[in-house]
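Let me begin by presenting the structure, written as structure tokens, before commenting on it.
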Amino acid sequence: MANITSQDVNKLRQVTGSGIMDCKNALVEAEGDFEKAIDILRKKGQKIAAKRSDRDANQGVVIAKTTADNSFGVVVLLSSETDFVAKNEEFVASATKIADLALANKPYDLEKLLALPMEDGRSVSENVTDMIGKIGEKIEVAAYEFIEAPVVAAYIHLGNKLGTLVGLNKSLPNAPECAKDLAMQVAAMNPIAINKETVDPALISREMEIAVDQIKEDPKFATKPTEMLEKIAQGKIEKFIKENTLLNQEFIKDGSMTVAEYLQKFDKELTAIDFKRVKIGA
């Protein structure tokens, strides 16, 4: 039997981040072979990941960041089973590293992000599996969004529980400030689209059906023709669009104007072209 010293255990712990007893047991099983012990710990993570794959990971941390020139932004959600894990400094640092990696490499989907190599040369996906082995919970990169535009701003709310991005169509002196205000607007008001033209037609149809059914419940309109009911319901649809599309919403910092009007104060052509919103448990 190999002589396993406390120095050996500490070295393995520093490399893998695993607990003291896990490192000691891995070294014993590996008969002192350091590299084999690392493989044992990684396989343990894979086994735990498989066992906990059906668990709900409704906690975690959201990181939203932009490049220094504000032309590209990302939102990453690293999820966990418990809030206790989500608040751990090492867990938050891991989520931040993944977001930084996304900023540097600009992957165009989650699969590409998971395949990117981290500092140790192993992929994001492999490092997440290692975290599962260390922590013993289901952990995953549950969401990844990005925006590339002339100006992009990021905003984080609720103690890293909600992150947003907004992209503007023009780079102006005040554009970063405007984009930041809109990122806060998206966090607070949760719009479904940029404007009326970008709302899913199926959603408009569904809202129209709901509005017509609500009007029919009023005895005064129960026997009216469908065409008349739809005309009355159109007012409800316009209200729905105003409340749920970013440019038509009341600006949260000044309710006397819409978001579109706020932007036009700086430039008549300035507008939002995209937004992303990622929230824990959403």
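Global size of the range 40-167: 14.5, 47 Å for Rg and Dmax (C-alpha atoms, Rg to one decimal, Dmax whole).
The C-alpha atoms of the range 233-282 occupy a region whose extents along the principal axes are 35, 33, 20 Å, arranged from largest to smallest. Available extension along the chain between SER171 and MET257 is 28.7 nm, counting 0.36 nm per residue and deducting the alpha carbon span. Using a Gaussian network model of the chain whose springs link C-alpha atoms within less than 10 Å, name the residue from ALA64, ALA183, ALA233 with the highest mean-square fluctuation. For the chain, modelled as a Gaussian network with Cα springs under 10 Å, the answer is ALA233. Which angle from 0 to 90°, rounded to the nearest 10, does the C-alpha axis of helix 89-105 make with the longest principal axis of the chain? Once rounded, the angle reads 70 degrees.
Its alpha carbons give the range 129-179 an Rg and a Dmax of 16.2, 48 Å.
When you work out D = kT/(6 pi eta Rh) for the range 146-282 at 25 °C and 0.890 mPa s, using the Kirkwood radius from C-alpha pairs as Rh and the Stokes-Einstein form, the result is 150 µm²/s.
A full extension of the chain between ALA188 and VAL15 corresponds to an added length of 58.1 nm, given 0.36 nm per residue minus the alpha carbon distance. Residues LYS220, LYS134, LYS106, sorted by accessible area with the largest first, give LYS220, LYS106, LYS134 [1.4 Å probe; ligands and nucleic acids excluded].
For the range 133-211, what does the alpha-carbon gyration tensor say about shape, rounded, prolate or oblate, given a ≥ b ≥ c as the root eigenvalues, a/c under 1.5 as rounded, and a/b over b/c as prolate?
Judged from the Cα gyration tensor, the range 133-211 comes out oblate (a/c at least 1.5, b/c at or above a/b).
With the simple spin-label model, which puts each label point 7 Å out from Cα in the Cβ direction, the MET228 to LYS106 separation comes to 5.8 nm. Between the Cα long axis of helix 20-29 and the first principal axis of the chain there is an angle of about 50°, rounded to the nearest 10. Taking the C-alpha atoms only, the angle from helix 34-51 to the longest principal axis of the chain is near 40 degrees. Under 13 Å from a label point set 7 Å out along the Cα-to-Cβ vector of SER71, the amide N atoms of the range 139-164 belong to 148-152. The slack in the chain from LEU116 to LYS43, taken as 0.36 nm per residue of separation less the alpha-carbon distance, amounts to 24.2 nm.
The Rg/Rh ratio of the chain, with Rg taken over Cα atoms and Rh as the Kirkwood radius over Cα pairs, comes to 1.14.
Could you work out the relative contact order of the chain? I mean the mean sequence separation of Cα pairs under 8 Å and 6+ apart, divided by the number of residues, in percent.
Values: 483 pairs, mean separation 51.9, N = 282.
Rounded, it is 18 percent for the chain.
Taking label positions 7 Å along the Cα-Cβ direction at both ILE210 and THR198, the computed distance is 2.1 nm, reported to one decimal.
The values are calculated or read from the model by the stated rules, or taken from the named source; none is laboratory data. Note that the structure is predicted; figures quoted are calculated from it, not measured. Here the Cβ is made from the backbone with ideal geometry for all residues, glycine too, and neighbour counts use every protein chain on show. Ligands, DNA and RNA are stripped out before the accessible areas are found, and what is left, the full protein with its side chains, is counted by its heavy atoms. Shrake-Rupley method; radii C 1.70, N 1.55, O 1.52, S 1.80 Å.
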